Amino acid sequence: MVSPDGLKKLMSYLKRFGGVLAFGVGVMSAWGNVAPSVVIQSAAMRPGTTFMDVVYRVNDPDDATVKVRALAFVDGVRSFANVLRPVTFVEGTAANLGDSIPANQNKTLTWDVGADWNISLGQVKFEVLSRDARGLLAFDWIGIPAAGAKPALTISKDAPAEADVLSALFWQYADGDTSLTLAGGVLTANSSSGVFSNTVMANGSVLQGYSTAYLLKRMNLDPANSTETGYAANTARAGLLSTADWHAVNRPYTGLSMVVGWGRNDFGQTNVLAGLNGVTAIAAGFFHSLALKSDGTVVAWGDGGYGQTAIPLGLNGVTAIAAGYAHSLALKSDGTVIGWGNNNDGLDTIPAGLSGVTAIAAGGYHCLALKSDGTVLGWGSNYYGPTTIPAGLSGVIAIAAGSEHSLALKSNGTVVGWGSNNDGQTTIPAGLSGVIAIAAGAAHSLALKSNGTVVAWGYNGSGRTTIPAGLTGVVAISAGFYHSLALKSDGTVVCWGSNSDGLTTIPTGLSGVTLIGKGCMATHAVAVKAKAP
């Protein structure tokens with residue numbers, strides 16, 4: 001129970017914090033909606049009891065009833081590390097808290113502080129939150145008329161502010177959202193949240209990467225795609241702000257692709273950019289990560305010491321990406337290649353006239369390009385011969401670049417290797433055939449066969465070429481600096497080799513994976529979870 005001294009502090013605190021506590025809701029100018037605002041008329045402890053009486057009203061000129069929830073914050077800090085969800089209300093409070101509460105009327109809540117907040121001293125900040133039936137976030141909505149094949153829709157012109165998202169998360173918590181779990185001040189989406197399972201939403205009062213996306217799902221709103229935002233910017237409303245951020249659209253939520261990272265994180269290479277969505281390819285360098293978005297643009301994070309995360313200005317129309325030790329490559333839809341980052345040995349100096357490229361690979365210190373005629377071209381460091389293409393090599397359908405060796409997959413399902421062979425990484429296993437994909441690590445190689453099994457050869461330090469017993473149903477492979485990855489048809493990931501920095505410890509609950517990151521020098525792993533509700 002709260003001690004008498006604690007009650008005195010509590011009453012003093014409540015007098016100082018009995019101000020306006022409004023919860024941001026959708027301001028939909030196109031529909032004429034006004035967000036409800038909460039005014040706390042008074043908040044005080046009842047003398048000689050542990051009861052707190054709170055008189056409040058929700059002002060809303062266009063809604064007769066609203067939804068009301070309540071939260072309390074120990075020591076007055078608005079944080080998930082300090083939050084209480086009051087449950088012990090007394091004396092008829094039920095009619096003044098919940099759904100369908102009349103707006104524009106004074107209402108009284110009576111909370112038994114001692115029953116829920118069982119400490120002897122301290123202060124508490126009590127909040128009343130309210131929303132109407134139209135949304136959780138403060139979007140600025142605009143109408144886009146139908147034109148040609150494009151249907152009419154309503155779109156928000158900018159992303160919600162962090163304060164809006166944090167308030168919405170507090171609402172979800174106060175509302176008892178079953179897809180959220182709070183432990184140690186960290187708010188996490190649990191297994192009932194689908195694709196967001198095990199994703200941190202907020203730590204204390206600090207938002208995490210996918211909090212906005214999670215809330216859009218809860219509101220059943222989908223992010224606008226690049227076509228919609230471009231149409232809005234160009235024809236529907238001048239001055240539309242950044243189309244790279246989140247924009248909600250009034251059509252049912254269909255999901256998003258989420259990037260997950262694990263392993264070494266010296267430079268934040270596994271700290272996925274906030275709200276990164278629409279990813280169609282992913283790559284991992286030594287200390288940096290790249291993602292290709294569905295709109296043909298590239299984003300990067302992690303170590304940028306050589307400029308490997310500095311995306312060239314105006315880069316678009318990209319169809320494939322690759323990450324080396326400290327350089328990056330992009331293949332454009334016109335068959336040309338762009339490079340940036342470390343340019344030692346001419347890594348970023350694309351061969352003059354290179355065109356007709358259909359695939360790219362970035363090794364530790366060299367680059368490869370596959371042309372539409374089935375031939376391969378290499379550039380960069382050639383110390384061990386990884387850019388010296390074997391004479392007469394043709395009919396190639398896929399390429400892979402290791403630290404100092406190269407691989408090519410031919411249309412007949414066989415593999416050719418060249419470059420460094422210090423550990424047997426270019427000595428193709430006898431009789432290897434039926435191969436549909438290849439991967440090259442620092443000093444080891446992988447091949448995926450059409451029957452869903454994997455073959456490995458080269459350096460076996462930490463067991464990186466020791467295929468896990470019974471591994472089948474594989475649809476994609478990746479080889480890193482000292483580990484190997486396999487994506488199975490059921491959307492799960494298997495990793496083997498060195499577990500330094502937790503590299504082979506797959507994140508708990510990781511499922512629904514559609515892509516795994518490629519990168520011969522990678523000391524971390526990245527994957528894309530399925531686009532799902």
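Only a single item in (1) under 32 Å from the mean Cα position of the chain (by Cα); (2) more than 23 Å from GLN172 (Cβ to Cβ); (3) of a type outside the set (Asp, Glu) is not met by ALA70, and it is number (2). Residue pairs whose Cβ atoms lie under 6 Å apart, separated by 6 or more positions or on different chains, with the first residue in the stretch 390-413 and closer than 10 Å to THR375 by Cα and charged (D, E, K, R) and the second open to solvent by 50 Å² or more (accessible area, probe 1.4 Å) and modelled with pLDDT of 95 or more, do not occur. Would it be correct to say that THR453 is of a type in the set (S, T, N, Q) and either surrounded by fewer than 20 Cβ atoms within 10 Å (Cβ to Cβ) or touching a Cys at 6+ places or on another chain (Cβ under 8 Å) (or both)? It is true that THR453 is of a type in the set (S, T, N, Q) and either surrounded by fewer than 20 Cβ atoms within 10 Å (Cβ to Cβ) or touching a Cys at 6+ places or on another chain (Cβ under 8 Å) (or both). Condition first: at pLDDT 80 or above and within 25 Å of PHE170 (Cβ to Cβ). Can you find one or more residues in the stretch 226-247 that meet it? Taking every residue of the stretch 226-247 in turn, at least one turns out to be at pLDDT 80 or above and within 25 Å of PHE170 (Cβ to Cβ).
Where strands (runs of 3 or more DSSP E) fall entirely within the stretch 491-533, none has at least 1 residues that are hydroxyl-bearing (Ser, Thr, Tyr) and either in contact with a helix residue (DSSP H, G or I) (Cβ under 7 Å, 6 or more places away or on another chain) or crowded, with 23+ Cβ neighbours inside 10 Å (or both).
Identification of strands (runs of 3 or more DSSP E) wholly contained in the stretch 307-390 with 2 or more residues that are closer than 16 Å to PHE287 by Cβ, touching a strand residue (DSSP E or B) at 6+ places or on another chain (Cβ under 8 Å) and at pLDDT 95 or above yields 318-323, 327-332, 337-341.
Contact map, the stretch 495-511: residues that are in contact (Cβ under 8 Å) with a residue 60 or more places away in the chain paired with residues that are charged (D, E, K, R), Cβ distance under 6 Å, separation 6+ or inter-chain. Pairs shown: ASP501/ARG264.
The test for being open to solvent by 40 Å² or more (accessible area, probe 1.4 Å), among the acidic types (Asp, Glu) and modelled with pLDDT of 80 or more does not hold for ASP132. Of all residues in the stretch 203-212, exactly one satisfies the criterion of being in contact with a Ser or Thr (Cβ under 9 Å, 6 or more places away or on another chain) and hydrophobic (A, V, I, L, M, F, W, C), namely VAL206.
Of everything in the stretch 473-482 that is in contact with a Lys or Arg (Cβ under 8 Å, 6 or more places away or on another chain) and at pLDDT 95 or above, the residue that is surrounded by the fewest Cβ atoms within 10 Å (Cβ to Cβ) is GLY473.
The values are calculated or read from the model by the stated rules, or taken from the named source; none is laboratory data. On a predicted model such as this, the values are computed, not experimentally measured, just so you know. In this analysis, Cβ positions are derived from the backbone assuming ideal geometry, glycine residues included, and neighbour counts consider all displayed protein chains. Accessible surface areas use protein heavy atoms only, side chains included; no ligands, DNA or RNA. Shrake-Rupley method; radii C 1.70, N 1.55, O 1.52, S 1.80 Å.
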